[in-house]
Amino acid sequence: MISIQHAGIYFLAKYSKRGERSAADFAKLMEEFQNEVPFVVLPDGIRAYSGPRPISHFEKTPDGNNVSFMTFPTEEKLKKLSKESFKTEVDFHYADGYLPCVIGEKTDIREFDLHNFGHKYYHALRVHMFQDAILDAILREELIDASLRFQDIFVVRHDTSIKIDGKELRRQVAEFERIGFIMLAGMVYERTGVLMNNEWFNSVVEPALQRAYPEDLANNTFRYMALNEETNARITNLQFAITDEDRALVPMAKDLEKTLKDMYVDAYFCTRREL
């Protein structure tokens with residue numbers, strides 16, 4: 001999932017977990033969210049320092065015999081970290097055996113637990129792992145057959161006569177995530193009254209990243225959380241419904257709306273269990 005999806009699901013789960021709705025309680029919830037969201041999205045953000053995705057996402061090698069890992073830095077260490085100091089300040093391992101492919105390998109959550117159980121924001125970090133694993137399962141088990149991925153061939157499951165290459169898969173996944181966030185923003189707005197457009201991310205999420213991260217890491221992470229003009233306008237104008245144009249952009253999904261709903265339901269409940 002992209003970082004804005006991780007943040008949106010986390011906020012919705014936190015809001016729904018709490019029974020109170022007073023202004024004071026909502027202010028407390030927002031304070032907690034701003035303390036935690038930098039760590040919810042850190043596995044994506046830290047890649048500006050750590051490099052290959054398998055390190056911060058605990059990906060197994062294709063043969064299943066090894067796994068990459070890292071121990072996420074504490075609050076104090078993170079704020080002082082730099083790209084140059086990462087290699088000496090952070091415990092990590094990049095496994096041998098990955099092959100070129102546009103999609104990553106499976107996340108090993110047990111390996112994440114082994115290296116991060118004592119972290120203050122263990123649950124916020126763990127949410128990211130579960131949410132990514134849910135998207136990966138839907139991608140591989142419902143949308144495409146990736147058994148020929150190292151040959152850059154992906155077979156659409158609902159119509160096996162359709163084969164796409166990695167470039168097309170990457171495009172469709174990007175649209176799947178972008179359209180999915182529009183749906184998620186609608187779910188958040190309906191449940192909480194919060195409108196997750198660029199203005200909200202600028203006023204709530206960016207300051208949280210600036211407080212928790214070094215400035216360059218905060219800027220780089222937030223750069224990938226900006227909504228494009230069209231997406232931002234749809235959310236701002238409360239146009240959350242999936243359109244025929246949206247469906248045409250992701251032909252690998254037989255029923256785009258149902259697939260996204262199923263993904264968010266699973267991600268929502270796995271997130272609530274961590275709170």
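Just so it is clear, none of the values below were taken in a lab; they were calculated from the coordinates. This is a predicted model, so every value here is computed, not measured. As a convention, Cβ positions derive from the backbone with ideal geometry for all residues, glycine included, and neighbour counts pool all protein chains shown.
Between the entries (1) 187; (2) 128; (3) 116, the label attached to volume of the Cα convex hull per residue in Å³ calculated for this structure is (2).
Taking each of LYS14/LYS77; LYS120/LYS261; LYS14/LYS258; LYS14/LYS60; LYS79/LYS120; LYS17/LYS120 in turn, the alpha-carbon distance tops 22 angstrom for LYS14/LYS77; LYS120/LYS261; LYS14/LYS258; LYS14/LYS60.
The slack between PHE150 and ASP255, meaning 0.36 nm per residue of separation minus the straight C-alpha distance, is 35.1 nm. Take the alpha carbon atoms of the stretch 153-188, find their center, do the same for the stretch 224-275, and report the distance between the two centers in whole angstrom. Their Cα centres are 11 Å away from one another. Under the convention that each Lys and Arg Cβ holds +1 and each Asp and Glu Cβ holds -1, the size of the dipole of the stretch 3-274 around its Cα centre is about 400 debye. Distant-in-sequence amide contacts of ILE144, defined by a placed amide H-H separation under 5 Å and a gap of 5 or more residues or a different chain, comprise ARG157.
Our coupling estimate for the stretch 103-115, obtained by passing each phi through the Karplus curve with A = 6.51, B = -1.76, C = 1.60 and θ = phi - 60°, is 10, x, 8, 6, 6, 9, 5, 4, 5, 4, 4, 4, 9 Hz, Gly and Pro reported as x. Between VAL67 and THR61, the built amide H atoms are under 5 Å apart, and every one of these is 5 or more places off in sequence or on another chain. Here's the list of lysines a cross-link from LYS163 could span, going by alpha-carbon distance under 21 Å and ignoring same-chain residues fewer than 8 apart: LYS254.
A Förster distance of 35 Å, applied to the separation of the beta-carbon atoms of PHE117 and ASP159, puts the FRET efficiency at 0.20. Listed by chain and number, the aspartates and glutamates whose C-alpha is less than 18 Å from the C-alpha of LYS106, apart from same-chain residues fewer than 8 away, are ASP44, GLU59, ASP63, ASP96, ASP132, ASP136, GLU141, GLU142, ASP145, ASP152, ASP266. Taking every C-alpha pair closer than 8 Å and separated by at least 6 residues, the mean separation divided by the residue count of the chain gives a relative contact order of 26 percent. Relative contact order (percent) for the stretch 166-275, with alpha-carbon contacts under 8 angstrom and 6 or more residues of separation? The normalised contact order for the stretch 166-275 reaches 35 percent.
On the basis of the beta-carbon distance and an R0 of 30 Å, THR71 and ARG272 show a calculated FRET efficiency of 0.70. Of the GluC sites (Glu not before Pro) in the stretch 42-90, the ones in a loop by DSSP (not H, G, I, E or B) with at most 10 other beta carbons within 10 Å are GLU84.
Report summary: the helix-based calculation at 222 nm, which adds -39500 (n - 2.57) for every DSSP H run with n ≥ 4 and divides by the residues of the chain, gives -17000 deg cm²/dmol. For the stretch 199-207, the Karplus equation 6.51 cos²θ - 1.76 cosθ + 1.60, evaluated at θ = phi - 60°, returns couplings of 4, 5, 4, 5, 8, 10, 7, 4, x Hz by residue, with Gly and Pro reported as x.
Placing dummy labels 7 Å off each Cα toward the beta-carbon, the span from ARG211 to LYS28 is 1.7 nm.
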